[in-house]
1. So, in the stretch 24-39, of the ones that are open to solvent by 60 Å² or more (accessible area, probe 1.4 Å) and of a type outside the set (Asp, Glu), which residue ends up farthest from ARG103 (Cα to Cα)?
2. Could you give every pair whose Cβ atoms fall below 7 Å, whose first residue belongs to the stretch 46-67 and is under 17 Å from VAL86 (Cα atoms), and whose second residue is of a type in the set (Lys, Arg), counting only separations of at least 6 or pairs across chains?
3. When the residues of the stretch 59-85 are filtered to those that are in contact with a helix residue (DSSP H, G or I) (Cβ under 7 Å, 6 or more places away or on another chain) and among the β-branched types (Val, Ile, Thr), which remaining residue is nearest to ARG44 (Cα to Cα)?
Amino acid sequence: YIPADWINATPEELVRPSDTTESATRDAIDRLLTLADRYYQSGRAGFGYLPRRPRLAIAIAAAVYRAIGLRLRRRGCDYQQGRVVVPRWRKALITIGVMLQPRLYVPRRRKHDMALHQALDGLVAPQPASPHIKDPAA
């Protein structure tokens, strides 16, 4: 899904694009994949902080979705060719590769890219503190 403000086209124009619309859409897809890579990198740095049970599944899912983006980019971000899939054998290799990553199990201290949060600003209203959590200032 491409943010609507990244491309000025109707759904009909995306299905039967002019050369200009197709080029703009490919550029938007490439931009989205570049942004996704920043999020994947940031997310990988935090795997060691996740609870053990879901950590591996989340890491594998991230790696598989990233592989889909890499395949789309290799075909020139051409969305007209149809759906991009990662074959089962490749998913198995990705799974093995993720399981063998020692950094998956150890929290890594590294400067966080706060710019990744800009798109979230204003989406969620501040929540009141839970009555079950003691305020250390109180």
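1. Among those that are open to solvent by 60 Å² or more (accessible area, probe 1.4 Å) and of a type outside the set (Asp, Glu), it is ARG26.
2. VAL64/LYS91; ALA67/ARG90
3. The selected residue is ILE60.
Residue-wise test of (1) of a type in the set (Ser, Thr, Tyr); (2) closer than 16 Å to ARG103 by Cα; (3) open to solvent by less than 60 Å² (accessible area, probe 1.4 Å).
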| site | (1), (2), (3) |
| --- | --- |
| ALA45 | no, yes, yes |
| GLY48 | no, yes, yes |
| ILE58 | no, yes, no |
| ALA62 | no, yes, yes |
| TYR65 | yes, no, no |
| ILE68 | no, no, yes |
| LEU72 | no, no, yes |
| CYS77 | no, no, yes |
| VAL84 | no, no, yes |
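The values are calculated or read from the model by the stated rules, or taken from the named source; none is laboratory data. The model shown is predicted, which means the values in this text are computed figures rather than measured ones. FYI the Cβ positions are ideal-geometry reconstructions off the backbone, even for glycines, and counts take in every protein chain you see. Protein only, heavy atoms only, side chains kept; ligands, DNA and RNA dropped before computing areas. Shrake-Rupley method; radii C 1.70, N 1.55, O 1.52, S 1.80 Å.
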